[in-house]
1. Between residues in region C:121-135 that are on the phi > 0 side of the Ramachandran plot and residues that are assigned to a strand (DSSP E or B) and among the basic types (Lys, Arg), which pairs lie under 9 Å by C-beta distance while being six or more apart or on different chains?
2. Among the residues that make up region A:83-104, is at least one of them touching a Pro at 6+ places or on another chain (Cβ under 7 Å), at pLDDT 95 or above and closer than 22 Å to residue B:90 by Cβ?
3. Under the condition of being within 9 Å of chain B (Cβ to nearest Cβ), outside any strand (DSSP E or B) and under 14 Å from the mean Cα position of the chain (by Cα), which residue from region C:39-93 is farthest from residue A:81 (Cα to Cα)?
4. Which ones in region B:100-112 are at the interface with chain C (Cβ under 7 Å from one of its Cβ atoms) and not in a strand (DSSP E or B)?
5. Between a first residue in region C:81-95 that is surrounded by fewer than 20 Cβ atoms within 10 Å (Cβ to Cβ) and a second residue that is among the hydrophobic types (A, V, I, L, M, F, W, C), which pairs have beta carbons less than 7 Å apart while being 6 or more apart in sequence or on different chains?
6. Name the residue, out of C:54, C:74, C:123, that is among the acidic types (Asp, Glu), surrounded by fewer than 24 Cβ atoms within 10 Å (Cβ to Cβ) and modelled with pLDDT of 95 or more.
7. Are any of the residues in region A:116-124 more than 25 Å from residue C:107 (Cα to Cα), within 14 Å of chain B (Cβ to nearest Cβ) and over 15 Å from the mean Cα position of the chain (by Cα)?
8. Taking region B:1-27, which residues are within 14 Å of chain A (Cβ to nearest Cβ), surrounded by 18 or more Cβ atoms within 10 Å (Cβ to Cβ) and not in a loop (DSSP other than H, G, I, E, B)?
Amino acid sequence: MAIFQHTFQLPAYPRGFHLITQTIEREFGAIRQIRVGLLQVFIQHTSASLTINENPDPTVRGDFERFFNRTVRENEPYYEHDYEGSDDMPAHLKAALLGHSVLIPITNGRLNLGIWQGVYLGEHRNNGGRRTLVLTAWGD
Amino acid sequence: MAIFQHTFQLPAYPRGFHLITQTIEREFGAIRQIRVGLLQVFIQHTSASLTINENPDPTVRGDFERFFNRTVRENEPYYEHDYEGSDDMPAHLKAALLGHSVLIPITNGRLNLGIWQGVYLGEHRNNGGRRTLVLTAWGD
Amino acid sequence: MAIFQHTFQLPAYPRGFHLITQTIEREFGAIRQIRVGLLQVFIQHTSASLTINENPDPTVRGDFERFFNRTVRENEPYYEHDYEGSDDMPAHLKAALLGHSVLIPITNGRLNLGIWQGVYLGEHRNNGGRRTLVLTAWGD
């Protein structure tokens, strides 16, 4: 069994949800060397998130942004962590609800996602800048 | 270290939360060959979820269904992704909140869950049909 | 590739969110033997959670407690699982929203977390007692 690791920076994305499946596959050739295994994608930030959801229809990603903005409000009077901007504390909470990593089976050199599944970056800051991902793949 | 992978379909479940721990153990004999390792259970869908929670009392699973139906409402006027039915966009959001996979330690050929822990399938569609799981186990 | 596993009990924490990164690193020397790999931290309970979030400012952890107490209310009239106290059913729901495990890359014998990232224990019961963690690390 072999293991590979690769760190890289995404381009800066605007606030919202973005499909990054193809970027991951393009960046990390090691996936193609694994017949049976797994890929973890880990984001080294606490105000952006990774999750898996529907890939063909961009309105799903818009509805995600609208739902999470209503569920995790800016400027709640009880927030004490407020000195980095009104989008900051909600970004931490959204990241915790959605998750810091995804773990995907690899089969015959490809990510074994369902036909409608894609990897979402959740950019929860107004100006999050470039985000760093650590990719680790292992298997036979 | 060895790695094993197995894909199978669950029977169709009604909307709600369902215990599938025993189904997983029965389907995947490779777990019993591993002394120290891990099992990932991955669901290839974006409107159903996997999580771990209390296994003995079915009212917990009922309260999960009631909580998530109130937290992620159907027919929100801001949903744009609405052409697959009123249960569809909430199902995508519930799946993102709960997760697409669980990762469980294996110890001495058994899932090393806490005594009260079981694997939940969250079926978030009214008629989700059969769901496909990819099981991957690795270890010594 | 090698794999290591270690089970231990945390000290009892009060209800709220607590940083446990250093405890994990101190308890599990195997991390230092791995050049490229991963660590899973798994909690064997259904009313406490593990997640990753901002480590330097304790007000973030306070805001987490306040947010989750408002989002998952005690004494909802529709709860049927209520015989273990008003904090119990909310604890199960919070644990499901936040997660039962974290998975962290290891690079050169260290957890490869972002500079602001730490591992949070979410203690969701008023008197949760000592919680058991199963640590599994693998890699080259």
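1. Hits for this filter: zero, empty list.
2. We begin by selecting, within region A:83-104, every residue touching a Pro at 6+ places or on another chain (Cβ under 7 Å); these are none.
Looking for residues that are touching a Pro at 6+ places or on another chain (Cβ under 7 Å), at pLDDT 95 or above and closer than 22 Å to residue B:90 by Cβ, one finds none in region A:83-104, hence no.
3. Among those that are within 9 Å of chain B (Cβ to nearest Cβ), outside any strand (DSSP E or B) and under 14 Å from the mean Cα position of the chain (by Cα), it is C:44.
4. Of everything in region B:100-112, just one residue is at the interface with chain C (Cβ under 7 Å from one of its Cβ atoms) and not in a strand (DSSP E or B), namely B:112.
5. Cβ pairs passing all conditions: C:81/B:60; C:81/C:89; C:82/C:89.
6. Details: C:54 fails: surrounded by fewer than 24 Cβ atoms within 10 Å (Cβ to Cβ); C:123 fails: surrounded by fewer than 24 Cβ atoms within 10 Å (Cβ to Cβ).
Only one candidate passes the filter, namely C:74.
7. Within region A:116-124, one or more residues are more than 25 Å from residue C:107 (Cα to Cα), within 14 Å of chain B (Cβ to nearest Cβ) and over 15 Å from the mean Cα position of the chain (by Cα).
8. Correct list: B:3, B:4, B:5.
The values are calculated or read from the model by the stated rules, or taken from the named source; none is laboratory data. Treat the numbers as computed from the prediction; the structure is a model and nothing was measured. Counting neighbours? That spans all protein chains shown, and the Cβs are built from the backbone with ideal geometry, glycine included.
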